[in-house]
Amino acid sequence: MRKRIPSKGIFALPYAVVCVIFVVFPLLLVVVYAFRSPDGGFSFSTIAGVLSNGSNYISLLRTVGIALLATVICLLLAYPVAFILASSPFNKIAILALLFVIPMWMNFMLRMFALQSILAMMGIANTFWAAIIGLVYDFYPFMLLPIYTALVNLDHSYAEAAGDLGAGALTTFCKTTLPLSLPGILSGVTMVFMPCFSAYAVTDVLGNSDTTLIGRKISVLFDLQEWEAGSALSLLLLVLVMLTMLIGTLIQRRSKTRGNGTVQPNGGGRML
Amino acid sequence: MAERTVQKTVTEENGAKGASKFDKIVEVRGVTKVFDDVTVVDNMNLSIKRGDFVTLLGPSGCGKTTLLRMIAGFATPTDGRIFLEGKDVTDLPPHKRPINTVFQKYALFPHLNVFKNIAFGLKLKRIPDVKRNRKTGEPLLDPVTGSHIEIMRKYTKAEIEEKVNRVLKLVGLEGYGYRDTTSLSGGQQQRVAIARALVLEPKVLLLDEPLGALDLKMRKEMQFELKKMHDELGITFIYVTHDQEEALTMSDKVVVVSDGVIQQMGTPKKIYDEPANAFVANFIGESNILSGEMLQDYKVRFCGADFDCEDKGFGKNERVDIVVRPEDIGVFKAGSGKGQLTGKVLSVVFKGTYYEMNITAGDYEFTVQNTDSFAVGNEVELRIKPDGIHIMKKMRTVNEIITAVDGENTVDFHGGSFPFDNPDGLEKGDRVKVRVDFDKIELTDDERDGVIGGNIGQSFYKGTYYQVQVYTDDDDDIFVDTTDEWDIDDRVGIVIRPQDLRVEKYIEPEDEAQSVPTDSEQEEAEQNA
């Protein structure tokens, strides 16, 4: 049968245009600049230069380390809170709004400077741990929400079944609740780790020279008009982030858990 | 070698406990459960014999699942105790009770395959054994006393595998061990859930509407298999369902529950043949429920005719409810002289193996099932044999309340002043007993036409009239027999003619002088009964 009406796909066209202008085109520019020699021709020399520079690896490792540490702390702080929220009769909407929405009303940088003042009063401003506190503070809600969603949608009968089969409270948690909430944890980890990786503004305001992230380095390169080197480093970062996401997806697929829909709030990753 | 000894120990243990010392395996004593001020289970008493297949049957929300959850340990009774083999387990958490549950929606762990689901409980279980040499498996002896050293150990991998495979075979899922539970059909998931519970060899298996999610054919098949498993394993089954047919075909004993109260318990046959009250009769199978009068022992009158029956022990001319099953009514041609009632066929529906007919006789519309069909409009005769007539005591026939005279020739009745004839010259403030027959109360559409208002609670069709429960505004209830049909929660006015209010001076019983009688006529009625 021939189609008489235009497919619904046509309505996606405006979004596709916006996407091309603001996402695909800049990305292409990054790729083009990364492979451009100083004289304007195609060359691998910039990439090679970036790859052979040892200090890049050090900042990359440092970035990964800091992002991982912040993610782990977020997870350790968020899971118990999500668990309590999901299994208690409190007014959860109000508490979640308080934790998640209200901080968003204030400008992000303003919050960072406010936090800086508080940390200064405590005498720990511009230290390694101040930067970590800043990252955790900023990205905590992105860990809490997916875990909470996974736990609150978890059928209580699984825990009851485990208890029925002889598992005490701790065993029940380890053998059913925790593995069944894994999709929530994974999406929380992704949503915190990714932005932490590139959130150099936070570490700049709150941290010290030990917390200089790779993002700062890229920013400096662009400030120095070194477009090629900056783009090459950005591309490297992009590839790394994509690899991490791929691994996350693979783990998620292997764990095979289903039935507890985890919500990924829009705009999860803010690149700063 | 090791295996055999373990088996023996387990058997001995079971043998000792199974020595019929505790004939009642589960005992529920005065259990009440209140959720948010709503009494879901109201003072239930129940004892379950070892090895029985007991079904808790009732409409949804009647409290049967709550009772099951309390036996399993997922809910704690607000009041009362639960005993298992004579031991109080009320405060024991579920994982410490030798009871396993098959959940309504199976609750199979989605992150584990079939084998791991079934092995879940086995991996946690600890069994008694003696300390052994690691290599040879020979029991080690205590160097001081020379006896075996008793320890608790976990099942070995081989033992778990053997047990899981055996139970998989039992439920007909051999070779399914490494399948993903979510890839199985509903019936197969059901079998895994049963296997997971049975593999732990529980003393009692609880099943919470386990067949509810299956289609009809599958359900019939599983009913048969569950019954077979029960007979083979000898484990006590407590089964919850709202399906009366399921309850009647599978159980040794049926417990009919409604409004958190046990209405009747007994064998399926007894429940079907001799329902204790109108609710049970209505819930278990189709039935004709009529109102009649007991003339004397073995003689009852309804629909304007006298019948022989098999019941006795009622008061002379006592009003009773009569249950007649549709298949217990014989239909004959008019003029054959074989029936006790004459009627007219209103409708005929062929139901596969029989015809279902609606036949009016007297004021009642009988539902009749017969293998012969009669044309609509035909005059017929109906015969009911004595064993087809089941007589039940009427729950109550009169509203009774202890109250006081609150004015000149008026009496307080559920918050309203009702005028009454006052031949005894009772005065204001006198405590009185007021009685009103169910059929002497008039309900009005407009609340303002009544002395007091109320809401319609339940309504039971009694053949020629409806028995309606009306909740008055002082949170009490009265019963009204009416020919009008009312809907639940209808707002009505209540009118009683002065001559129908039977008021007499109330003399408090001496021994209860301390406790001021409340105006709960329910209690009074029960005492009278």
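Coordinate-derived values only; no laboratory data. Everything numeric in this text was worked out from a predicted model, so none of it was measured. Backbone-built Cβ (ideal geometry, glycine too); neighbour counts: all protein chains shown.
Less than 5 angstrom separates the built amide H of B:Ile149 from those of B:Lys131, B:Leu140, B:Asp142, all sequence-distant by 5 or more or on a different chain.
Roughly what angle does helix A:227-255 make with the longest principal axis of chain A, taking Cα atoms, 0 to 90 degrees, to the nearest 10? Long axis of A:227-255 versus the principal axis of chain A: about 20 degrees.
Between 0 and 90 degrees, the angle of helix A:25-34 with respect to the longest Cα principal axis of chain A falls at about 50 degrees. Of the residues A:Leu27, A:Leu186, A:Leu206, the one that moves most in a GNM of chain A with alpha-carbon contacts below 10 Å is A:Leu27. Of the trypsin sites (Lys or Arg not before Pro) found in the range B:343-407, those that fall in a DSSP loop while having at most 10 other beta-carbon atoms within 10 Å are B:Lys351. In order along the range B:80-93, the phi-based Karplus estimate (6.51 cos²θ - 1.76 cosθ + 1.60, θ = phi - 60°) of 3J(HN,Hα) comes to x, 10, 10, 10, 10, 6, x, 9, 6, 10, 3, 9, 7, x Hz; Gly and Pro are listed as x. Near the amide H of B:Leu56, within less than 5 Å, lie the amide hydrogens of B:Tyr239, B:Val240, B:Thr241, B:Val255, all on another chain or at least 5 residues away, with H placed in the peptide plane. Working value for the protein assembly as shown: equivalent-ellipsoid semi-axes of 70, 38, 30 Å, each the square root of 5 times a Cα gyration tensor eigenvalue, largest first.
Result for chain A in a Gaussian network model with C-alpha springs under 10 Å: among A:Ala67, A:Ala229, A:Ala94, the largest mean-square fluctuation is at A:Ala94. Evaluating 6.51 cos²θ - 1.76 cosθ + 1.60 at θ = phi - 60° for every residue in the range A:98-115, the Karplus couplings come out as 4, 7, 9, 8, 4, x, 6, 5, 9, 4, 4, 5, 4, 4, 5, 5, 4, 5 Hz, glycine and proline recorded as x.
Computed on the Cα trace of chain B, the radius of gyration divided by the Kirkwood hydrodynamic radius gives Rg/Rh = 1.08. Helix A:182-198 and the longest principal axis of the C-alpha atoms of chain A enclose an angle of approximately 30°.
For B:Cys309, the residues whose modelled amide H falls within less than 5 Å of its own, excluding neighbours fewer than 5 places apart on the same chain, are B:Lys299, B:Val300. By the Kirkwood approach, averaging reciprocal distances over each pair of separate Cα atoms, the range A:54-255 gets a hydrodynamic radius of 18.7 Å. Each stretch of four or more DSSP H residues adds -39500 (n - 2.57); spread over every residue of the protein assembly as shown, this sum gives -11000 deg cm²/dmol at 222 nm. Taking packing as the residue-averaged number of other Cβ atoms within 10 angstrom, the listed peptides B:301-313, B:198-210 run from highest to lowest as B:198-210, B:301-313.
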